[in-house]
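> My structure is below; once you've seen it, I'll send some questions.
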Amino acid sequence: MIDRTVFKERFVKWVLVAFALSSLLFLFLIFLFILSEGLPLFLKVGVKNIIFGFKWAPTKGYFGIFPMIISSFLVTIGALVIGAPMGLSCAIYLSEYSGKKMKMFLKPALELLAGIPSVVFGFLGVIYIVPLVRNYLGGSGFSLISTSLVLGVMILPTIISISFDALVSVPKTYREGSAAMGATKWQTIYKVIIPSAKSGILASFILGMGRAIGETMAVIMIAGNALKIPGSILDPLRTLTGNIALELAYATGDHRLGLFSTGVVLMVIIMILNYIANFGIKRKIAK
Amino acid sequence: MDTKISTDRLKVFFGKAQVLKEITIAVHRNTITGFMGPSGSGKSTLISVINRMIDFENNVRIEGEAAIDGTSILDGSINPIELRRRVGTVFAVPIPLPRSIFENIAYGPKLKGTTDRTSLHHIVEDSLKKAFLWDEVKDRLSTSALKLSGGQQQRLCLARTLALKPEIILLDEPCSGLDPVSTAKIEDALSELKSEYTIILVSNNTKQIARISDFSAFFYLGELIEYNTTEKVFTTPTESKTEDYIQGKFG
């Protein structure tokens, strides 16, 4: 009898281990697949011609994605400019000011915001933001600023929840020590709590960037997808993700490989961002 | 003797539990007064009324009166932030802020609006000297305060409190986690400081109270059992509870 329970316990453990490792396996397979499809073109056309090339005409042998890299970064930074102050303010409110009831109401609302499909964000962007920009600022409305606005809202849940965790993990003793020296609440927040939670807050920004740079559907719907580096915030642009999603359906041959190369670049950027975010969090724990 | 801090039938409730029962005490100016008693005796709660850190607790009810220099500190018109600049606190666990030694001490003065570098330097040096820490850290003021030893951190916290130029210093078991050498340094500093400040030392260490305090108060389960000069409390206590506690029969 005992042997059987022991066996059962072990069996459950190994099944769980197998599932846990399977996510690692999938990650590895995705890597392998994208690299095996994307790398050959880099060798054929040249890294420089792809990453720093300005012209994207895959059917004619031009695979330059430089404008898309720049565009991806621009929308990401735009999203951060809008989302970071809003998200951090919300996190500070939640961790330092809000009562239990407000927290119970706001936290699920944020989770809901995180759960809204990106196509809905894109839809709302097209219906409301794009005409608003067109009417009040000019241009077609399909633009860097519209995309940044929508992405800024989309990355809020990421920024808020991670910043919030960083802020509430600041020891109570810091708050008391500061208060005991005659600091007001706000003085304590910006002189002690925010500096103490700095690495976590930065990590939230970087993970928010990761989310913004990887976002596809909402971006395609709002960005206008023009193949050039935007000259102003009212110009349309095309991101790396948008490029893949827009063309994959009909791409063949080298064109298709070009899209995989775009994927390789995107993956590397996201890996770097994740690495920076993890590094920041780890450093905080080590302290 | 001149009274600095006084309470009159002070009662504190946490929810339904009464943690202070009609405390009436007068703490004298420029003395060290020791508050002793086993945990749960209410001595730390009394401290938190005096510096109004009790404001941070939920579900608290205070009755009775507490005053500094005869002026109520429980009155709604009192600004607790102003009050905490007059009443400095050193906690049991030294909690330097995650900043440099210099910044830790300059923090309070800066909050009060002192921005001039030379006066800040002056305050930092003066406070560190008074806390008997200057010689150990004068060459590394810009290093993180978190790198100091526990004993040094506690003296840093004392220096940080002194930098506020308070009238009163409350120490809540400041030596509970410290080695004898560090403890002795803190005690030396306190003995020097009493000429300028009114000091309340909360401690479980009756020997420490006997060594450095002028007056001693013994608390038990929220009541003030005995309060007198340290000499009288330790040689001829009137209450048998006090005697038992001092002799270590419970604690």
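> Quick test of your reading of the structure: B:T24 fulfils all but one of (1) surrounded by fewer than 20 Cβ atoms within 10 Å (Cβ to Cβ); (2) within 9 Å of another protein chain (Cβ to nearest Cβ). Name the failing condition by number.
All conditions pass for B:T24, except number (2).
> Mind counting the residues in the stretch B:226-251 that are within 12 Å of B:G37 (Cα to Cα), without any contact (Cβ under 8 Å) to a residue 24 or more places away in the chain and buried (at least 17 other Cβ atoms within 10 Å of the Cβ)?
2
> Between residues in the stretch A:95-122 that are more than 27 Å from A:L144 (Cα to Cα) and free of Cβ contacts under 8 Å to residues at least 40 places away in the same chain and residues that are among the β-branched types (V, I, T) and surrounded by 11 or more Cβ atoms within 10 Å (Cβ to Cβ), which pairs lie under 7 Å by C-beta distance while being six or more apart or on different chains?
Sorted first by the residue in the stretch A:95-122, then by its partner, the list stays empty.
> Here is a list of conditions, (1) assigned to a helix (DSSP H, G or I); (2) touching a residue at least 24 places away in the same chain (Cβ under 8 Å), and B:L74 meets all of them except one; can you say which number that is?
Among (1) assigned to a helix (DSSP H, G or I); (2) touching a residue at least 24 places away in the same chain (Cβ under 8 Å), the lone unmet condition for B:L74 is (1).
> Tally the residues that are at positive phi, of a type in the set (K, R) and not in a strand (DSSP E or B), restricting the search to the stretch B:4-41.
The qualifying residues number 0.
Rundown of residues vs (1) over 27 Å from B:Q18 (Cβ atoms); (2) touching a Lys or Arg at 6+ places or on another chain (Cβ under 6 Å); (3) part of a helix (DSSP H, G or I); (4) among the hydrophobic types (A, V, I, L, M, F, W, C), yes/no style:
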{"position": "B:E192", "(1), (2), (3), (4)": "yes, no, yes, no"}
{"position": "B:S195", "(1), (2), (3), (4)": "yes, no, no, no"}
{"position": "B:Q208", "(1), (2), (3), (4)": "yes, no, yes, no"}
{"position": "B:A217", "(1), (2), (3), (4)": "no, no, no, yes"}
{"position": "B:T242", "(1), (2), (3), (4)": "no, no, yes, no"}
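> Filter the stretch A:89-102 down to residues that are loosely packed, with under 15 Cβ neighbours inside 10 Å and assigned to a helix (DSSP H, G or I) and give me whichever is modelled with the lowest pLDDT.
Checking each candidate, the answer is A:K100.
> Confirm whether B:S44 is under 15 Å from B:I5 (Cα atoms), assigned to a helix (DSSP H, G or I) and not basic (K, R).
No.
> Still on this model: Quick one: would you say A:V170 is in a loop (DSSP other than H, G, I, E, B), over 30 Å from A:F52 (Cβ atoms) and not hydroxyl-bearing (S, T, Y)?
yes
> Another question, then. Among the numbered criteria (1) closer than 23 Å to B:S195 by Cα; (2) surrounded by fewer than 20 Cβ atoms within 10 Å (Cβ to Cβ); (3) touching a Pro at 6+ places or on another chain (Cβ under 9 Å), which one does B:N51 miss?
Unmet for B:N51, out of (1) closer than 23 Å to B:S195 by Cα; (2) surrounded by fewer than 20 Cβ atoms within 10 Å (Cβ to Cβ); (3) touching a Pro at 6+ places or on another chain (Cβ under 9 Å): (2).
> In the stretch B:28-48, is there at least one residue being touching an Asp or Glu at 6+ places or on another chain (Cβ under 7 Å), within 14 Å of chain A (Cβ to nearest Cβ), in contact (Cβ under 8 Å) with a residue 24 or more places away in the chain and of a type in the set (V, I, T)?
Checked against the condition, which is being touching an Asp or Glu at 6+ places or on another chain (Cβ under 7 Å), within 14 Å of chain A (Cβ to nearest Cβ), in contact (Cβ under 8 Å) with a residue 24 or more places away in the chain and of a type in the set (V, I, T), the stretch B:28-48 yields at least one hit.
> May I pose another question? Is at least one residue of the stretch A:158-165 of a type outside the set (F, W, Y), facing chain B (nearest Cβ under 10 Å) and buried (at least 20 other Cβ atoms within 10 Å of the Cβ)?
no
> Mind counting the residues in the stretch B:174-189 that are in contact (Cβ under 8 Å) with a residue 60 or more places away in the chain and crowded, with 23+ Cβ neighbours inside 10 Å?
1
> Quick check on A:I213: is it in a helix (DSSP H, G or I) and in contact with a Gly (Cβ under 6 Å, 6 or more places away or on another chain)?
Answer is no for this residue.
> Name the single residue, out of those in the stretch A:171-206 being surrounded by fewer than 17 Cβ atoms within 10 Å (Cβ to Cβ) and under 28 Å from the mean Cα position of the chain (by Cα), that is nearest to the other protein chains (Cβ to nearest Cβ).
A:P195
> Follow-up. Limited to the stretch B:62-115, what total is found for residues that are surrounded by fewer than 18 Cβ atoms within 10 Å (Cβ to Cβ), closer than 16 Å to B:K4 by Cα and in contact with a helix residue (DSSP H, G or I) (Cβ under 8 Å, 6 or more places away or on another chain)?
1
> Is it fair to say B:T33 is touching a strand residue (DSSP E or B) at 6+ places or on another chain (Cβ under 8 Å) and at pLDDT 95 or above?
yes
> If you check A:F31, A:F19, which single one turns out to be part of a helix (DSSP H, G or I) and touching a residue at least 60 places away in the same chain (Cβ under 8 Å)? Full working, then the answer.
Working: A:F19 fails: touching a residue at least 60 places away in the same chain (Cβ under 8 Å).
When all the criteria are applied, what remains is A:F31.
> Might you let me know whether the stretch B:55-67 holds any residue that is polar (S, T, N, Q) and within 14 Å of chain A (Cβ to nearest Cβ)?
Within the stretch B:55-67, the subset polar (S, T, N, Q) is B:58-59.
So of that shortlist, the ones also within 14 Å of chain A (Cβ to nearest Cβ) come out as B:58-59.
Yes, that holds for at least one residue.
The values are calculated or read from the model by the stated rules, or taken from the named source; none is laboratory data. Fair warning: this is a prediction, and the values are worked out from it, not measured in the lab. Cβ sites come from the backbone with ideal geometry, for glycine too, and all protein chains shown count toward neighbours.
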